[in-house]
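Student: Pasting in a structure now, in structure tokens, and then I'll have a few things to ask.
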Amino acid sequence: MALTHKPAESSVTTLHKGRLGVIGIVFFVVAAAAPLVGMTGAVPVAIVLGNGAAAPGAYLAVGITLLLFSVGYAAMSQRVTNAGAFFAYIGRGLGRHAGIASAFVSIVAYVGVQLAIYGFFGAVISAQLGVMPWWAWSLIAWLLVTALSLLSVDVGAKLLGVLMLLELTSLVITSIAILANGGPEGLNFAASFSPDKILVGGLAGSAGIAFAFAFASFIGFEATAIYGEESKDPKRAVPRATYLAVAVITVLFAVTAFAMVTGMGSSAAVEKTLSLSNNLANPAAVLFSLAAQYVAPWMATVMSILVLSSLFAGLLAFQNAASRYFFAMGRGGVLPKSLGTVNRRGAPGRASVLTSVISGAIIVIFAVFQLDPVLNLFNWFSGLAVVAIVLIEVLVCIAVIVYFAKNKGTENVFVIVVAPVLATIGLVLGEYLLISRFGILAGTAAEGVDPTVTPWAMSAIGWILVLVPFIVLVVGYIISATRRTVNEELLRDVVS
């Protein structure tokens, strides 16, 4: 057998290995999911506009779908270790051009969700403390996130670990207190988890709205493989971290949402949510009120502070995710090679700076044009991001099936066919629900149309945001197919 020479990677283009273990990776991923933000922001809306007391069941169903996705995703991580995980996986299965095209969409997703969090962070802290406008607080967070992203990745993991443990502890204590009490009607599992209740109103109606918000809440879970190069044992750490992260997020979301429904009483969940949240004007008040009622008033205060730390943790997690995609593409020669270098601390310094330049510029633009940090920056970019990431997840599932069909190994048929096929079906359905209900999800409903009744009713900005990931995918494919300066040997090694 003839041997082909592969150039050794220079240390300047290699991320520091052995920095993260399974728990460190999980910290980044769970932090990206921002569970406290999801419970305070998305669940109340899913209850009122979606399937009522069965919203916890929607979260559980989405979690199971993503566990099925994780089966093939984790199997692929055994074969490929790369800082741009999605683009490497899709490239292995569907070809180099598809892989590179997907990398552009992944960057859109991660930069988009980070921008959404900047808007929400600035709005929340400005409302709590005042003193400065939202954009000033956002820019302070931007400076801190940029500085931390330039340090060794394990420094960020340690900070995220502390913040995440505090956040999880508050949710677990509150959930246990409510469930132990039983609320006004006791524990009604059927109201929240029976299939007929979960699907009430149909996927084209209220159930579809709940599923859309549930899918949006899970964004970030798939980032485990991004840290493969920096993990201590990527072949073991990435699969374990993926399963652990998805399991933790799924259980946490489903149990906490069920506790919220129980605390209000399943039959009165919608009315009580509307009352506590002032008709959804302040959705966070639902969880805070329940925490004060069933634990103590101080827990509501603690949670209001931890929302900020949760948002900051998410900012750092997505900064790392986006910068590692820029790094991988720079190293591969798709983007300027300078992006594919690391600083003396082993972090992708220039890629992190580029990520910050983009996010900082958009924050300034929104401030100059006096756009709202929540209604515009948060709603628009979070909607865009989740459509983009689910699109990529569908491509990953297809790539897994194709790759293992061509490269037989010891994996069983459930891992390489059954689970990816089921995940593909679930994710395609999820993408349909996200796009058809985008007017609610992103606050871009067409004027004069009730988006809770009429799907696909979007304004011009809504259609633009929905189409961006698909347009970027096509443009990225064309760029890859026409660009002649791509580092062919590196791409052969990690993509094709």
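Since every read-out is calculated from the coordinates, none of them should be taken as a lab result. Just so it is clear, the model here is predicted, and its values are computed rather than measured. Positions of Cβ are generated from backbone atoms using ideal geometry, with glycine treated the same way; all protein chains shown enter the neighbour counts.
Student: Across the stretch 15-494, how large is the tail of the calculated P(r) beyond 29 Å, expressed as a percent of all Cα pairs?
Tutor: 45 percent
Student: Can you pull the one-decimal nm distance between simple spin-label points at residue 251 and residue 181, each 7 Å off the Cα toward Cβ?
Tutor: Once both label points are built, they end up 2.4 nm from each other.
Student: Tell me, what HN-Hα J-couplings in whole Hz come from the Karplus equation 6.51 cos²θ - 1.76 cosθ + 1.60 at θ = phi - 60° for each residue of the stretch 331-347, using x for Gly and Pro?
Tutor: 5, x, x, 6, 9, x, 4, 4, 6, x, 10, 10, 7, 5, 8, x, 9
Student: Would you pull out the residues with amide H under 5 Å of residue 458's amide H, same chain only if 5 or more places away, H placed 1.01 Å from N?
Tutor: Here 446 satisfy the definition.
Student: Something else: Could you compute the net charge surrounding residue 462? Neighbours are other residues with a C-beta less than 14 Å from the C-beta of residue 462; K and R count +1, D and E count -1.
Tutor: 0
Student: Next question, about the same structure. If you rank 450, 196, 372 by fewest surrounding Cβ atoms within 10 Å, what's the result?
Tutor: If I rank by nearby Cβ atoms, fewest first, I get 196, 450, 372.
Student: Hey, rough spin-label estimate for residue 301 and residue 278, points 7 angstrom out along Cα→Cβ, what's it come to in nanometres?
Tutor: 2.1 nm
Student: A further question follows. Order of 92, 437 from fewest to most other C-beta atoms within 10 Å?
Tutor: 92, 437
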